[in-house]
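> Before I ask anything, here is the structure I am working with.
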């Protein structure tokens, strides 16, 4: 990708060197007994409650000893993330007025190992995620190494991941996420999982829409980039991940879609460049 010629986003928050959680609290034997009684009365796991207290509130935020560094930082991978985020901003700022809306830019938080968000305290094992509560994308850059281990190296493969998470932000702004979550609350568990897959596939398609515009208007893509992206989408399909983990492949347990589905919807977005081409809910998502 020819990403170095683009601008950098001002919406990157780098907390990779920060330590989360407040000061530790020492509990006396009497306080310990009270905590245990409260936990049992509330039907909570006492160990979880103790951990919350001794962490000083768990997700209370950064300690005073480790202030948040300025963003974006100067290492090349962080600069890459900032450039890709900036390009998604340019794309969606151009598309939203056609829908009679104004695009509101998300923040992207770089973290290491674990992070506190409006969606809770999360470890990097979860992978990149978008939190609608604070409208932020969270990314541990170690995930890019994991992509390579899964057989999906390359800068456009990494850019696709960012485009996918920003796609969830677009869904949030358009009200799609809220409608899906309402349906999930009212429906059966099987229906909720199916809707989750369709939501993820639409985010893949939105990543493709961004890539289409990045190439058409800013000539960011190089030969081989499209294949990198499609390979990455296939590499993180639910069926491929289950196979690599030695588990049986069960479509009923999918949360993001099969390799074939993910590659199909990413390609559809890249070829069309139109948000209307990404209606996974009315079209067949079984491509």
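> According to the square roots a ≥ b ≥ c of the eigenvalues of the Cα gyration tensor, what is the shape class of the range 145-287, taking rounded for a/c under 1.5, prolate for a/b larger than b/c otherwise, and oblate for the remainder?
Because a/c hits 1.5 or more and a/b fails to exceed b/c, the range 145-287 counts as oblate.
> Hey, another quick one. Kindly rank 182-189, 211-218, 198-205, 264-271 from highest to lowest mean number of other beta carbons found within 10 Å of each residue.
198-205, 264-271, 211-218, 182-189
Throughout, read-outs are computed from the coordinates displayed, never taken from laboratory work. None of these values were measured; they are calculated from a predicted model. Cβ atoms come from the backbone with ideal geometry, glycine included; neighbour counts cover every protein chain shown.
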